Amino acid sequence: MKRTALSLCIIVALLTGCWDVIDIEDRGYIIGTAIDLKERKGEGAYSLALTNQFVIPGNMTSAPGEGGGGSKPFTNITVDGESLMIINRKMGAESSRLPFYGHLKMLVVSEDIAKEKDLFAGVLDLFIRMQEMRRDIKLIIAEEEAKDVLSVEPDIEKIPALYLDALSENSSKTMSMLAPVTVGDVHGFLLNHHSYALPMLKKKVDKLVQYEGAAVFSGKGNKLVGSLNDQETKSLNLVTKPFKGGTIEFEMDGHPSVYELEFSKPDIKVKTKDPQSISVEVSVTTEGSMAEMFGSKSLINEKEISKIRTILTKKLEDQINALINKLQHELNADLIGVNSVLEQKHPDIWKQIKDDWEQGEDLFSQVDIKVKATAHIQSVGASDRASDGGGKE
Amino acid sequence: MNFKSLIGRMKKMNQQQNQKQTQNQGENQTFNQLELSDVLDDNMTAIKQFMENPRDLVARTFQIRNANVTCGIIYIDGLVNGELVNNDVIKPVQTAAAHDKLPDATMAVFDMLFQDIIATGDVKKGKTMDDVMNALLSGTTILLLDGMNQALLIDLKKWEQRSVGEPVSETVIRGPRDGFVENLQTNLTQVRRYIRDVNLRFDTHQIGRRSKKDLVVAYVDGIIHPDILKEVNRRLKTIDMDDAPESGFIEQWIEDSFLSPFPQVINTERPDKAATAIMQGKVVILLDGTPFVLIMPATLDNALQSPEDYYERWTIGTLVRMLRYTAAFIAVFLPALYIALVTFHQEMIPSNLAFSIAATREGVPFPAFIEALLMVGTMELLREAGARLPRTIGQTIGIVGGLVIGDAAVQAGIVSPIMVIVVALNAIASFAIPTYSVSIAFRILVFGMMIAAGAFGLYGIILGYIVINIHLTNLKSVGVPYTAPFAPTFLKDFKDLVFRAPVPLMQKRPEYVKPQDDQSANKGD
Amino acid sequence: MKHFEYADEKITDKELMIAMPSVVIGVGILSMPKKIATETEAADGWIPLVVAGLLFLFMSWGFAKFVAQFPNQSFLEYSSRIIGRRASILIIIGYAILVVLGIASQVRGLADVAKEYLFDQTPIEVVGLLYVLLVIYAVCGSRAALFRMSMLFFPIVISITLIVLAFSMKEFELGNVMPAFTTDTKGYFEAMKSSIRSYIGFGIILFYMVLVKRPAKAPKMVAIGMVIPIVVYILLYVVIIGIFGNAITSNLIYPTVELAKNVSIPGEFLERFESIFFVIWIMATFTSSILFLDAGVYGLTSILGNNRKIPIVLILSPLIYFVSMVPEELQYVQLFGMVWGYSLLIYTLSVVSILMIVAKIRGMI
């Protein structure tokens, strides 16, 4: 009897359930989102434009025989509004399917928004808070209109957002590209008041975009304070994380040469006793080989190798110094992570200077940073002399 | 009282007794213990009268040559070996006085027949009408002697029967090919041949109020835990029904919980499986008239074992078991998981897969839940139709149902192709479970899980899973917890669970049946 | 056909050992790292977790040792002998009230997480109701079955936790865990308060000891059992901090679930793991709820008689359900959980110490 009553209860509960049932084909899958600034309406009030890239699943799986079919597998819907929440509501009314952010992969924000203090953090807030979203949505800054980036029509991928996604994965092979930064990462930077850099995107032609340089955000106001060019991004990559692959071009005796990086490893050492005397040593160790020699030098010669090594080291140090100079004096953003080292290795001192690092007394710009590069040249390619086919190794 | 009129009364009473249950215990006993008469004719008539002289009853009288003694022989044609009756009974009896003179006393003649003349192994003496009737109906030949109030019950049973063949419901690639048959005696012989242990015991029960059938409880004394045996025997004694045509009746009468979808008794057609179970300290129940024997106690993991796991090498055995556990999971949960993912948790499906599922579902008129219900229902229909049809047509059903309907349904846009894959996988997985009765239990659970998933997605599934677990942990088979040896945990038994240890390492009998002698092997030197 | 109980209804050593983590690990761990990370620096939160854990380990060991001196006696029997029947009845009733509150807080916590991660529209009332119905179904069954169930669920829960930990290891950054030992004393103290709440629930041994097969071994088993939650908590905490860093962790409401959200399964078989993780975590919560409720019911049946078990369950469970739905906002839910946690702790501690002291004075131990 009791069992029957119990099972009745369960059945009733089951039959009245189904509040959340939405069939898979009734969702509107948003795979990429772009946010642009339409206009400034005075202090703290803006008009935003949100562009969502919806996937049209039916057009995704065109059989090879059908030859493309002609209809695009995606559609972009742009809606304007005062805040993202309002826009979202409007979006639901405009698309026949329920907007679903569960598969969102790319978030493109225009440079204009990034430059506005607090607006950027406000925009991100929604993407951090909404449970539907993943923490690994990749965040990029578009140099011009963010909307345009989502409407490139690459030949190689079907959906622009997936194209951007695939492109950003190449960062591990290209040194001048910043590694993808996710919404979750930025959440951490914001909470820790760290400065950070995001990849920048440039629309080249109708069909292609290119990642170029990095947008630098200061932890102070959480807004875009400047940008790094390709060369500076390369140096940033070298000093912030171990890297595999990549090339360094330099000139030797007037000949352009290429050093192929196999492996690089940065190390930041901070020496400090009190907040006033902080000395930082940034060292980079690289291992690699000579890939291209446009001269006819024999590389077996130890003298030649050490000469190359000197030139290479000098080149690396110069580039990194230039970057650090820019960071310290122009952008005032500690992108190389001295603050993290201080926090982890010298927590007592860090506690005292925490508020004066990038803001306040601006200690970061006053710190003395030494750069030291060590380049190992492992092998010299299959032949040491390209021009006259000398002795082989 | 006249013997004949007494018989008439008794017969009437007997019929009434069967109709109105056992009301009058006293009178009933008088019938059962009604003794045979001295007069041959009376006995013969009484027996004929009891059965109303059916056409398969053979009853004749004959004389012993050179002596003035009349004998009566009664048997049921078809149940006995007529040639043997002629050669071993009638002929020797007729010529009993050919060489020596018979003794005068009837009693002495009777004893002489019993000891010297009848050339058959199994001969008993019967004193009451009840003995005689029961023996007669089970195929014994009755020899009566005029002037003697006892009968000789001569066992010369033989009837038409299926020869021992390969078990149809449980096939193996490697392993013995013989299966049980409908004849209890043959089945016992098979068990005996597998277990040549003096301690092998066959306890006999008679089941059925009207049709008294023999039921044998087989076990090895000294291995089995006495409480299990006692409990099985106790339950068997409570059985009170007209007839048990198949061991399924016994199973359902003695199982622990009739509300459970899970079978608490394993049935098998394979003597090797039955013998292994006996050796593990379990009880095997054999019923006359059916090739399916029952193994008790049963646990859930038994359902996922096949004798072949032991015949192949241990790596194969282990991998196959893992495969089966996976199959069991798929058989119960796959359609439910699909429903949950497709209607609730689209974010969990990898993007590209999600888009292609969405693309294939576009234009499907039903929600995924209804679609799944439809397909799994159709699958059940096909399975049932295939099982009842003659084998040749059964295959056609598979082709027509599986291929034609499935393909047409997809073409017509009623179901999505992925759903067809899901349902087919689910069905295949349920066929991979070696025990049919468990596999159909799983088929029931599929529906429950699908409803839960359709209403609450993953939350529903996990609640469903918990309900199944609550039920399973409360379930017992002859007092042994159904989830043993997982819980209660017997770590030693894990050697023969998902993992099947190499044979030399399996030295202990399963602990969960608490065998008295737990050592089944010793490590070889 | 149920006349025969071949497998006795006693609790084996292993079952007792597993019952401890089963009852201790509940819904609290989903939000626990947040509370501790808020009070401590970097990954220092492991220290209060270990300290609290060890404290509870010794306490439960002591409890078990004490109760084991009264083998084969129910709580009512031995406490009646120590402090009299009336006082014992009062203690049991008090405990039953705390049980109702405790499970109510679990139900609510679970329903809230479910609402956050699984459902959008489904009301928490329904989510909670289904859960309570299951708890009723389980507790109405046999007592041994509850222990068997925790035996069955525990490995699953542990393996899903290990899977999540293993797959998230590649995002682990050592820098997030550094620097060590920078938290001030106040921080540790505050974190201790949160850690302590993650370990309560071991009081069930007071009631279940009578069923233990070998009471002499019980203290050891209980202590071993308590090691498991300590290890699980520390692993989870350190990995969560290592992946998210302290700042993010203290800003996430359910860091443990977010950890699962971050996991990407190799082979891209499933993209997001948090629903699966949470759903399996329900099993951990469930075993905690049923053991806890059953301990209370067991206490009450010892007063009212064994055949009253089902009526007692059927009276308590609607209470649980209604109490669980009373708080309206998240902060009240947390407050409710906190108040309940401390009251149970203080209650259990004071009851046991009174029993111990009185028994000592009377020379019973």
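What are the residues in region A:256-296 that are at pLDDT 80 or above and of a type in the set (Lys, Arg), if any?
A:265, A:269, A:271
Among the listed residues A:320, A:308, identify the single one that is farther than 13 Å from residue A:282 by Cα and touching a Ser or Thr at 6+ places or on another chain (Cβ under 8 Å).
It is A:308.
Considering (1) over 15 Å from residue A:102 (Cα atoms); (2) assigned to a helix (DSSP H, G or I), say which one residue B:363 fails and leave the rest.
(2)
Are there strands (runs of 3 or more DSSP E) fully within region A:160-237 with at least 3 residues that are more than 10 Å from the chain's Cα centre (by Cα) and surrounded by 18 or more Cβ atoms within 10 Å (Cβ to Cβ)? List them.
Filter on region A:160-237 gives A:209-218, A:223-228.
Restricting attention to region B:468-486, report how many residues are at negative phi and facing chain C (nearest Cβ under 9 Å).
Result for region B:468-486: 13.
From A:359, A:378, grab the single residue that is in contact with a strand residue (DSSP E or B) (Cβ under 9 Å, 6 or more places away or on another chain), loosely packed, with under 13 Cβ neighbours inside 10 Å, in the same structural domain as residue A:235 (by TED's automatic domain parsing) and at pLDDT below 80.
The unique qualifying residue is A:378.
From the list A:392, A:372, which one is surrounded by fewer than 21 Cβ atoms within 10 Å (Cβ to Cβ), assigned by TED's automatic domain parsing to the domain that holds residue A:268 and modelled with pLDDT of 80 or more?
Only one candidate qualifies: A:372.
Kindly indicate which of B:181, B:198, B:191, B:217 is buried (at least 16 other Cβ atoms within 10 Å of the Cβ), of a type outside the set (Phe, Trp, Tyr) and assigned to a loop (DSSP other than H, G, I, E, B).
B:181
Keeping to region B:487-504, report how many residues are within 27 Å of the chain's Cα centre (by Cα) and within 14 Å of another protein chain (Cβ to nearest Cβ).
3
Hey, among the residues in region A:87-110 that are modelled with pLDDT under 80 and assigned to a loop (DSSP other than H, G, I, E, B), which one's nearest to the other protein chains (Cβ to nearest Cβ)?
It comes out as A:96.
May I ask you to say which residue of C:127, C:177, C:99 is out of contact with any Ser or Thr (no Cβ under 9 Å at 6 or more places or on another chain) and either among the polar types (S, T, N, Q) or facing chain B (nearest Cβ under 9 Å) (or both)?
Exactly one residue qualifies, and that residue is C:127.
Here are the criteria: (1) within 14 Å of chain B (Cβ to nearest Cβ); (2) exposed (fewer than 14 other Cβ atoms within 10 Å of the Cβ). Tell me which single one residue C:287 does not satisfy.
Here residue C:287 clears every test but (2).
Quick test of your reading of the structure: residue B:166 fulfils all but one of (1) surrounded by 13 or more Cβ atoms within 10 Å (Cβ to Cβ); (2) part of a helix (DSSP H, G or I); (3) not polar (S, T, N, Q). Name the failing condition by number.
(2)
Counting just the residues of region B:241-261 that are touching a Phe, Trp or Tyr at 6+ places or on another chain (Cβ under 9 Å) and in a loop (DSSP other than H, G, I, E, B), which one comes out nearest to the other protein chains (Cβ to nearest Cβ)?
Within region B:241-261, the match that is nearest to the other protein chains (Cβ to nearest Cβ) is B:256.
Sort out which residues of region B:273-282 are surrounded by 22 or more Cβ atoms within 10 Å (Cβ to Cβ) and more than 14 Å from every other protein chain (Cβ to nearest Cβ), and write them in order of number.
Listed by number, the residues that qualify are B:273, B:274, B:275, B:277, B:278.
Taking residue C:282, is it in contact with a Leu (Cβ under 8 Å, 6 or more places away or on another chain) and either within 14 Å of another protein chain (Cβ to nearest Cβ) or surrounded by 20 or more Cβ atoms within 10 Å (Cβ to Cβ) (or both)?
So residue C:282 passes the test.
Say we look at region C:1-21 and pick out the residues that are within 8 Å of chain B (Cβ to nearest Cβ) and in a loop (DSSP other than H, G, I, E, B); which of these is modelled with the highest pLDDT?
Ranking the candidates gives C:12 first.
Taking residue B:464 as the residue in question, decide whether it is in contact (Cβ under 8 Å) with a residue 24 or more places away in the chain, facing chain C (nearest Cβ under 8 Å), part of a helix (DSSP H, G or I) and not aromatic (Phe, Trp, Tyr).
So residue B:464 fails the test.
Looking at (1) at pLDDT below 80; (2) under 26 Å from the mean Cα position of the chain (by Cα); (3) within 14 Å of chain B (Cβ to nearest Cβ), which is the one condition that is false for residue A:66?
Answer for residue A:66: the failing condition is (2).
Go through region C:162-185 residue by residue and tally those that are polar (S, T, N, Q) and either assigned to a helix (DSSP H, G or I) or closer than 20 Å to residue C:232 by Cα (or both).
Summing the residues that are polar (S, T, N, Q) and either assigned to a helix (DSSP H, G or I) or closer than 20 Å to residue C:232 by Cα (or both) in region C:162-185 gives 3.
With the requirement that a residue be surrounded by 14 or more Cβ atoms within 10 Å (Cβ to Cβ) and β-branched (Val, Ile, Thr), what does region C:308-329 give you?
C:310, C:312, C:313, C:320, C:323
Looking only at region B:350-396, how many residues end up being buried (at least 18 other Cβ atoms within 10 Å of the Cβ) and either polar (S, T, N, Q) or within 8 Å of chain A (Cβ to nearest Cβ) (or both)?
Total meeting the criteria: 12.
Which residues, counting only those in region B:423-453, are over 30 Å from the mean Cα position of the chain (by Cα) and either more than 14 Å from chain A (Cβ to nearest Cβ) or at pLDDT below 90 (or both)?
B:423, B:424, B:425
What's the number of the condition residue B:291 fails, among (1) crowded, with 22+ Cβ neighbours inside 10 Å; (2) away from chain C (no Cβ under 14 Å); (3) under 28 Å from residue B:471 (Cα atoms)?
Just one mismatch for residue B:291, condition (3).
Consider residue B:344 carefully, then state whether it is touching a residue at least 12 places away in the same chain (Cβ under 8 Å) and either in the same structural domain as residue B:461 (by TED's automatic domain parsing) or under 25 Å from residue A:19 (Cβ atoms) (or both).
Spelling it out, residue B:344 is indeed touching a residue at least 12 places away in the same chain (Cβ under 8 Å) and either in the same structural domain as residue B:461 (by TED's automatic domain parsing) or under 25 Å from residue A:19 (Cβ atoms) (or both).
The rows are residues; the columns are (1) farther than 20 Å from residue B:46 by Cα; (2) of a type outside the set (D, E, K, R); (3) without any contact (Cβ under 8 Å) to a residue 24 or more places away in the chain.
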position	(1), (2), (3)
B:90	yes, yes, no
B:99	yes, yes, yes
B:120	yes, yes, no
B:148	no, yes, no
B:168	yes, yes, no
B:171	yes, yes, yes
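I'm trying to understand the selection: among the residues of region C:141-152, which are in a helix (DSSP H, G or I) and at the interface with another protein chain (Cβ under 7 Å from one of its Cβ atoms)?
The answer is C:145, C:148, C:149, C:151, C:152.
Of (1) of a type in the set (Phe, Trp, Tyr); (2) in a helix (DSSP H, G or I); (3) within 14 Å of chain B (Cβ to nearest Cβ), residue C:188 satisfies all except one. Which?
(3)
The values are calculated or read from the model by the stated rules, or taken from the named source; none is laboratory data. Remember, predicted model here, so these are calculated numbers, not experimental data. As a convention, Cβ positions derive from the backbone with ideal geometry for all residues, glycine included, and neighbour counts pool all protein chains shown.
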